[in-house]
Amino acid sequence: MNYKTLALGAATAAVLAGLGTPAALAQTLTIAVPGNDMATLDPHRASATLDKNVINWMFNGLVRTAPGQFSLETIEPDIAESWTTSADGLTWTFNLRQDVTCQRDYGPLTASDVVYSLKRAASPETSSYAGDYAAFERIEAIDDHTVEIGLAHPVPSMLGLLVPFNGGSIVCEAAGTELGEDFGRNPVGTGPFAFAEYQSQQFVRLVANDGYFRGTPEIKEILFRYLGSDSSRDLAFQSGEVDLVNGRFEQSWLDRTAQLPDTTVSVLGPYELHQLHLNMNQPPLDDIRVRQAIAHAVDRAGLVAFRGEMLTREATSVIPSGYLGYEAQDLPEYDPEKARALLAEAGYPDGIDLKTVQTTLPAMLTTMEVVQAQLAEVGIRLNFELVDHPTFHEQIRQDLSQVVYYGAARLPVADIFLTQFFDSNSIVQTPGAVTNFSHCDVADAEIEAARTEIDPERQKELWAEAQRKIVEALCAVPLYEMGQPYAWNNKVQFAYPLAGSLNLSPMIDETTRLVD
Amino acid sequence: MLGFVLRRLGFAVVTLLAVLTLVFFVIRILPGDPTVVILGDQASAQSIALLRERMGLDQPIALQYLQFLGGALRGDWGTSLVSGRPVIQEVLNVLPHTLELTAVALVLGVVLGLPAGVWAAVNRNRIPDYVTRVVSLLGLSAPAFVSGIVLLLVFAIVLRWFPVISGGQGTTPLERLRDLALPALNLALIMAAYVTRVTRSSMLEVLSQDYVRTAMAKGASGFAIVWRHALRNCLIPVVTVVGLYLGILIGNSVLTEIVFNRPGLGKLIVGALNQRDYTMLQGMMVIYTLIVVLVNLATDLVYGLIDPRVQYK
């Protein structure tokens, strides 16, 4: 045997030994996302956006935001058909629908499943979101279709914790206990689509849940594909191999994709708020005049023009617009002259040098290069320390960056955003550290008081006051808000207007259709 | 020969151990933390500390190293820090895809490159020679992700002969070959460029030997001289390059797999690096080292098949 036959033999064997996958059905919706692989599809565990994207179509909550919407103002019944609240806001009683069944023959869903699921979401052993449910003192099944929740203290937007997002997704007890640790690779919900198959680095396949309580889905199968390369993902959409694609955060992508025939391009919410967090603990940023100078040197309109008018809009507060409790603020206007004067007044006529740890992720880096150029105009020299993304996340949490550029979206309630970014309990390098990079502590009292305020009007006032104080102290300089770019071919038809979804993927439910 | 193979395998174990140790410490020197990846950016310092403890990342690094080494010797490569699945299972899931791609690209590269090199050598300093040299230079210079996109544009978008997603959807061997065609061609083009250039120069040297002149003098045909007498004698450097290049080929398969949306080791290692998945990276480094060591051994053994004068001591 010579070397050629050896190599040929090996090649043939390799070809024949490969794994086969079933061919796509006619009613298959193929979706492509930027990324390499799935981590877990356990809704109480998943933290990656791509995982939440899939979870979106498999689970229900006690309540939900209206299909296609993400605002908590649109909350409507889901598994619970009605609910009541005690006068003190501490006891919540939910009446469940009687026709809800668990996927894959795990039987009808009853109150005990809901109790199991909420306890699972509240336990740090099984949930990444346990902290959100810390106030859930008592979760009980009153009868087969009634659940009562007792709170230790009122929580802001109780119903927001019960939508199918993170801990709010309802997991069936029999499936959860039987599958245990395997649940993340073998999820069972009650939603319109059920998990069918996972091929590592390739796709997750969902099939229609024929027993879905709102009716049998029109689409028979969803193929959720991981296509990491931007260029080839676009080509796959162009060639028709993909029906719906999660796009690039670039205006040019939107423009180019919109020119393809029979294609809808859309920017979905919730919008991420991007801002500069200024470390108030360190000179020269401990001087309010220096922070004001930075705020006046930033040209938000210029940044929006750079990132694209369709994809981004100017920030208007230190929390994203549209969140429960959001109030538009008077942000410092773009005024380089004033910025220079403020710097001189603070004792820095020759300008200042600031250190910033900066990720090399292209979308974030290019934005910061524009900010850097804008600040340089007034003599603020922003010196980058370029690191890869995981290093960036570690170092900004070690207080190593004077200026932290960060983009984020959260459950759309003011409390969560304010708590994580501006409450002094969340300051980095402290025991309760989350993402308070600025060492901001000016609105602690308002954030704290709003958390347990029962009167919704008074609560909103407190949140508005907190935003005013944070803007005044300039813990952070808001830049812009950015949405999620998506495109789909017009075979995909949604029965509802699409504004976005908390899980950052367009809602696909029993009414969504694929037409030829 | 058996003794030779055993001795070489012994060296391989030492190499593996050295690589394991190096990898273990180097990836821990890198900043970045897998717990932040797992818990997401909303996680509090307490829950991060809790997870670090559960994953054993809070223990002294020397202790972690001993535990890791002990596990590795028992064949336990640990579980991926991010997905929680056994490393060995994750690797074995995708290894066939990478081997398939690399093997086909290797064969294709040799099949394209060898005749081209011979052709160029026989036509030295004439037009076929110049054309081959320029084309192979192009093949060497174009990065795999550029040539990959060009191939996709031409064959998947304009001509529509092949799919953009070569994700192994096919069930029949024919469908699988269709999936494989473009990525394998992409890798093979680079391979072919190397093989062409080495074959050409090696062939030129052989053609200037006395026995070739003798063969010409006795009236042997040009075809017989080149393909029967000269080719086998010019193969040793070619085999060396193929063996060396196989390692680079597996490296290039990282980019090819990503561009063509194929599963494989490449996507796995990029993901593991971005997520600081220590255990996964360790496992993959061992696999890569093992492949390179085995390929080197195989290359040495092939010498003997080509040239009976080569002896293994």
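Each reported figure results from applying straightforward, stated rules to the coordinates on display, with no laboratory input. Here the structure is a predicted model, which is why all the values come from computation and not from measurement. When we count neighbours, we look across all protein chains shown, and the Cβ atoms used for this are built from the backbone with ideal geometry, even at glycine.
Just a few scattered comments:
- Computed about its Cα centre, the charge dipole of the range A:271-483 is approximately 340 debye, with only Lys, Arg, Asp and Glu carrying charge at their Cβ.
- Alpha-carbon centroid distance for the pair the range A:420-441 / the range B:6-55, whole angstrom: 28 Å
- Among B:Ser221, A:Pro124, A:Gly35 - extreme Cα towards positive end, dipole of the protein assembly as shown, charges at beta-carbon: B:Ser221
- Stokes-Einstein translational diffusion, chain B - Kirkwood Rh over all Cα pairs, 1.567 mPa s, 4 °C, in µm²/s: 58 µm²/s
- Annotation: Cα Rg of the range B:118-248 relative to the compact-globule expectation 2.2 N^0.38 Å equals 1.34.
- Selection from A:Pro164, A:Phe193, A:Thr312, by position along the positive dipole direction of the range A:159-316 (Cβ): A:Thr312
- From its DSSP helices (H runs of at least four residues, each -39,500 (n - 2.57)), the protein assembly as shown gives a residue-normalised ellipticity at 222 nm of -14500 deg cm²/dmol.
- Across the range A:271-483, Cα pairs under 8 Å and at least six residues apart give a relative contact order of 34 percent.
- For the range A:89-192, taking the reciprocal of the average inverse distance between every pair of different Cα atoms yields a Kirkwood hydrodynamic radius of 14.0 Å.
- Nearest-20 debye value, the protein assembly as shown charge dipole, Cβ charges on Lys, Arg, Asp, Glu: 5460 debye
- Chain B: angle of helix B:278-306 to the longest principal axis, Cα-based, in degrees nearest 10: 20 degrees
- The range B:1-74: proportion of alpha-carbon pairs further apart than 21 angstrom, %: 46 percent
- Remark: A:Glu446, A:Glu327, A:Glu125 ranked as A:Glu125, A:Glu327, A:Glu446, counting other beta-carbon atoms within 10 Å and listing the fewest first.
- When +1 charges are put on Lys and Arg Cβ atoms and -1 charges on Asp and Glu Cβ atoms, the dipole computed for the range A:161-298 relative to its Cα centre reaches about 320 debye.
- Environment charge of A:Val378, counting only residues whose C-beta is closer than 12 Å and scoring Lys/Arg +1, Asp/Glu -1: -2
- Dipole of chain A, positive direction: furthest Cα of A:Val471, A:Gly184, A:Val63, with charges on the beta-carbon: A:Gly184
- Placed amide H near A:Ala46: partners under 5 Å, 5+ positions off or other chain: none
- Fewest-first ranking of A:Asp78, A:Asp350, A:Asp423, using other Cβ atoms within 10 Å as the exposure measure: A:Asp350, A:Asp423, A:Asp78
- Relative contact order of chain B, pairs being alpha-carbon contacts under 8 Å that are 6 or more residues apart, as %: 27 percent
- Under 14 Å, Cβ to Cβ, from B:Gln67 - net charge with Lys/Arg +1 and Asp/Glu -1: 0
- Nearest-ten-degree value, helix B:2-29 long axis tilted from longest Cα axis of chain B: 50 degrees
- For A:Ser426, neighbours were defined as the other residues whose beta-carbon sits under 14 Å from its Cβ, and their charges (Lys and Arg +1, Asp and Glu -1) total -4.
- Neighbour-limited loop hits for trypsin sites (Lys or Arg not before Pro), the range B:72-162 (at most 12 other Cβ within 10 Å; DSSP other than H, G, I, E, B): B:Arg74, B:Arg124, B:Arg126, B:Arg160
- Along the range B:220-236 the Karplus relation, 6.51 cos²θ - 1.76 cosθ + 1.60 evaluated at θ = phi - 60°, assigns HN-Hα couplings of 5, 5, x, 4, 5, 4, 5, 7, 8, 8, 7, 4, 4, 6, 9, 7, 4 Hz to successive residues, with x for each Gly and Pro.
- Here the range A:271-483 is treated as an ellipsoid with the same Cα gyration tensor; its semi-axes, largest first and in whole Å, are 26, 18, 18.
- For the range A:312-328, putting each phi into the Karplus relation 6.51 cos²θ - 1.76 cosθ + 1.60 with θ = phi - 60° gives couplings of 10, 9, 5, 6, 10, 7, 8, 10, x, 5, x, 6, 4, x, 6, 9, 4 Hz, in residue order, rounded to whole numbers and with x for Gly and Pro.
- Fully extending the segment from B:Ile157 to B:Leu73, taken as 0.36 nm per residue of separation minus the present Cα-Cα distance, adds 25.3 nm.
- Computed from backbone phi with θ = phi - 60° and the Karplus coefficients 6.51, -1.76 and 1.60, the 3J(HN,Hα) list for the range A:202-215 is 10, 7, 10, 10, 10, 10, 4, 8, 5, x, 4, 5, 9, x Hz; x is used for glycine and proline.
- The range B:260-313 - convex hull of alpha carbons, volume per residue in Å³: 92 Å³
- Relative to one another, the C-alpha centroids of the range A:334-361 and the range B:72-99 are positioned 50 Å apart.
- Under a 5 Å amide H cut-off, with hydrogens placed 1.01 Å from N, A:Tyr405 pairs with A:His277 among residues at least 5 apart or on other chains.
- Distance violations [Cα-Cα > 30 Å] among A:Lys52/A:Lys491; A:Lys338/A:Lys460; A:Lys52/A:Lys220; A:Lys119/A:Lys491: A:Lys338/A:Lys460; A:Lys119/A:Lys491
- 5 angstrom amide H check on A:Val413, placed H, neighbours 5+ away: A:Leu324
- Evaluating kT/(6 pi eta Rh) at 20 °C and 1.002 mPa s, with the Kirkwood radius of the protein assembly as shown over Cα pairs in the Stokes-Einstein relation, gives 72 µm² s⁻¹.
- Mean-position separation - Cα centroids, the range A:285-324 and the range A:111-180, in angstrom: 37 Å
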